[in-house]
Amino acid sequence: MLRQRIITAAWLAPLMLAGLFGLQGGAFAAFTAAIVLLAAWEWTNLAGVTEPNRRLALVAGLAVLMLLLWATGAMLAVWPLWLALVGWLVNLYWVIHYPGKGEQWQSTLRRLAMGLWVLLPAWVGFNILRDTGAVWLLFVLLLVWGADIGAYFSGRAWGRRKLAPRVSPGKSWEGVFGGLAVTFLLALVFAVWQGLGVAGGIALVLATAVVTLVSVLGDLVESMLKRYRGIKDSSSLLPGHGGVLDRIDSLTAAVPLFALLSLGVL
């Protein structure tokens with residue numbers, strides 16, 4: 001398994017970095033749309049849709065919606081980011097009360113709706129961040145990766161208090177604090193690098209803390225859905241790594257919120 005993970009990462013990481021930072025405009029929108037549509041294919045399974053033709057039709061419907069947003073210029077609009085904010089507050093409520101409020105989201109239709117407010121704003125957020133310059137896209141990617149790495153090592157070393165044992169038993173509060181420590185340092189580095197000054201640096205640190213916590217929620221929501229469906233990975237599209245959604249679950253929460261904060265509307 002480790003060998004397979006290394007092989008997959010060896011070709012996947014350069015491809016992702018080249019697409020995210022080497023492309024702009026329509027090419028970047030198409031590249032990120034492809035990633036989101038692969039995740040949407042996996043989400044249909046999490047929603048309980050197993051018939052391939054129906055799953056394909058649902059993904060095609062999302063692709064048409066994304067094309068309409070691109071054609072009208074709405075792929076850079078703010079309203080999908082607000083949709084994400086409201087949607088993730090609802091997701092937080094369901095995670096906190098899992099499994100008690102399961103009847104509110106466990107129908108296939110509601111899980112599909114959840115996927116819409118998770119995946120579509122993430123695509124919009126990616127395009128907004130790329131449009132404002134690659135540096136803040138890089139920042140949010142490093143934030144999510146840093147939070148994940150910090151949580152992993154601190155959780156293994158000191159993890160005692162469970163974060164959400166009914167949803168994801170392996171996660172601990174100590175892991176969350178470790179992730180926050182890593183992203184705090186990342187925010188300081190970027191604040192100095194970008195010359196944000198004291199006020200700007202404090203704002204970035206506070207925004208980073210919020211987005212770090214939200215990225216954890218992204219992971220928990222997918223874990224909740226997988227636990228309900230009784231599956232370990234969202235798919236086997238990435239050998240040794242599970243599915244696309246397993247790799248971007250934290251980003252689906254972090255990217256639209258950080259884009260909203262970066263636009264200064266919160």
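A compact table of results
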| item | result |
| --- | --- |
| Reduced Cα scattering model of segment 121-266, Debye log10 I(q)/I(0), q = 0.17, 0.18, 0.21 Å⁻¹ | -0.97, -1.07, -1.32 |
| Using a Förster distance of 35 Å, the FRET efficiency for Leu68-Arg161 (Cβ separation, nearest 0.05) | 0.15 |
| Carbon/sulfur fraction of accessible area - the chain, other protein chains in place, 1.4 Å, % | 70 |
| Long-range lysine pairs (8 or more apart or interchain), the chain, Cα under 17 Å | 4 |
| Extended-chain gain in nm, criterion 0.36 nm per residue less alpha-carbon gap, Thr50 and Leu76 | 6.1 nm |
| Point-to-point label distance, Ala181-Ala27, nm (Cα→Cβ direction, 7 Å offset) | 4.2 |
| Residue-level accessible surface for Leu142, protein heavy atoms, 1.4 Å, Å² | 60 |
| Radius 11 Å from Cβ of Lys162, net charge of other residues (Lys, Arg +1; Asp, Glu -1) | +3 |
| List Phe184, Phe139, ordered by accessible area with a 1.4 Å probe, largest first | Phe184, Phe139 |
| Kyte-Doolittle mean at least 1.0 and Cα axial length at least 27 Å: DSSP H helices in the chain | 2-22, 25-46, 52-72, 134-158, 173-193, 197-229 |
| Built amide H within the under 5 Å cut-off of Ser172, gap 5+ | Leu163 |
| Relative contact order (percent, whole number), segment 1-146, Cα cutoff 8 Å, 6+ residue spacing | 30 |
| The chain, accessible area per residue, ligands and nucleic acids excluded (1.4 Å, Å²) | 48 |
| Viscosity 1.002 mPa s, temperature 20 °C, Stokes-Einstein D of the chain from Kirkwood C-alpha radius, µm²/s | 113 |
| Positive-end residue of Val255, Leu69, Gln24, charge dipole of the chain with Cβ unit charges | Val255 |
| Average Cα contact separation per residue, the chain, under 8 Å, 6 or more apart, as relative contact order % | 24 |
| Rounded Å value of the spacing that divides the Cα centres of segment 87-103 and segment 162-216 | 23 |
| Segment 1-110: C-alpha gyration tensor shape, a/c 1.5 cut-off, then a/b vs b/c | oblate |
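The values are calculated or read from the model by the stated rules, or taken from the named source; none is laboratory data. A quick note: this is a predicted structure, and the numbers were derived from the prediction, not measured. With ideal geometry, Cβ positions are generated from the backbone for all residues, glycine too; neighbour counts draw on all protein chains shown. For the accessible areas, the whole protein counts, side chains as well, though only heavy atoms, and no ligand, DNA or RNA atoms are used. Shrake-Rupley method; radii C 1.70, N 1.55, O 1.52, S 1.80 Å.
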